[in-house]
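The values are calculated or read from the model by the stated rules, or taken from the named source; none is laboratory data. Quantities reported herein were computed from a predicted structural model and do not represent experimental measurements. Backbone-built Cβ (ideal geometry, glycine too); neighbour counts: all protein chains shown.
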Amino acid sequence: MTEDPDEKAAWPVDELIVRRWLTALGLLSNAEEMAARRTSTTSALALIAADTACEAVLAVIASWGSPPEKERASFWEYLSTASVVAEAHGGRLERSLVSTLRSVHQVRDTVVHHGAVPADIDVDRALRAGRRLLGSMSALSPIFTAMPAGTGVGHGVASLIDAPEVADQLRLAERQLSSGSISEALDAAARALDGAITRCRPSLREGPRFLTQSERNDRDLQAAFDHTRSRLAILERWVFSMALGLLPAEYERLLSIIGERIRYISGNDRIHRQQATPTAEDAHWAVGLVAQIVFHLWESRTLVEGDLNEVFGATRSY
């Protein structure tokens, strides 16, 4: 999408719009992951997911400033309306992008309705079109940052929040997942979750658990973990999990996969994880869920943004 530099559209953005943008980003990220496998099944799924992501973004643009429609429109109606609405707000869907979106959707129809196997070139075009369309949202509102190929919901949430230590870990978790580094991805997810919880106001806990050097070297270090866990057991399993937007069982499963962050007074930390060898499927679920939790806290205005020293006072170290 191009825009007149002298007439940039000032589009108001609410949380529902942001949620739909994140959904499209997640679909596109999953499509890219499936496409990389290059099998007939994953190629078909990748093209369908990418086309669905494009339709989701077109629906957002097409419905901008209007109440939600009671009935879902067709892809072609969204595409036509989105082009008109975008131009009315000082932008424009480029002809080459519109042409590609039409072509991709036609291929998608042959895959869905006739069982065709898409060519690699068609899958790649669908993925590139999805990224271009998502990137076009940045011309409509500065809250929508263009996301490079391979980035997903974690990067999207990171772009929304002013909490550097949380955002950096969300991005790192996704990068590590993409490279196949499961343990490192889960470590980053644990740090992102811990950082987000630390920023919550009203506070969800007393503060991070720091261990002294003597505790660090103590043979009975596990006793320290057990003591901390026992004090927070009821809170974490029920009230704490629900404050994060999860069911208690979901939170327990999440912790069993990513582990818990232990901080030392020296500034170092480590991740205490009970599940020694989580699967790649578990890791993808956990990293995605942490991103959703951070978004939930940001959306509910619970996540306090800004520099940590300014937020909590320079005398407290996090």
Going through region 23-44 in order, the residues found to be closer than 24 Å to MET137 by Cα and surrounded by fewer than 19 Cβ atoms within 10 Å (Cβ to Cβ) are THR23, GLU33
Give just the number: which of (1) surrounded by 20 or more Cβ atoms within 10 Å (Cβ to Cβ); (2) over 16 Å from the mean Cα position of the chain (by Cα) does ASP120 not satisfy? (1)
In the list SER141, SER83, which residue meets the criterion of being within 25 Å of the chain's Cα centre (by Cα), modelled with pLDDT under 90 and hydroxyl-bearing (Ser, Thr, Tyr)? SER141
Cβ-Cβ distance below 7 Å, separation of 6 or more or different chains: which pairs start in region 234-246 with a residue that is in the same structural domain as TRP285 (by TED's automatic domain parsing) and end on one that is β-branched (Val, Ile, Thr) and modelled with pLDDT of 80 or more? LEU244/ILE293; GLY245/ILE293
Considering region 256-280 alone, what residues qualify as being free of Cβ contacts under 8 Å to residues at least 60 places away in the same chain, in a loop (DSSP other than H, G, I, E, B) and of a type outside the set (Ser, Thr, Tyr)? ILE265, GLY267, ASN268, GLN274, GLN275, ALA276
Of the residues ARG72, ARG20, which single one is at pLDDT below 95 and either in contact with a strand residue (DSSP E or B) (Cβ under 6 Å, 6 or more places away or on another chain) or assigned to a loop (DSSP other than H, G, I, E, B) (or both)? ARG72
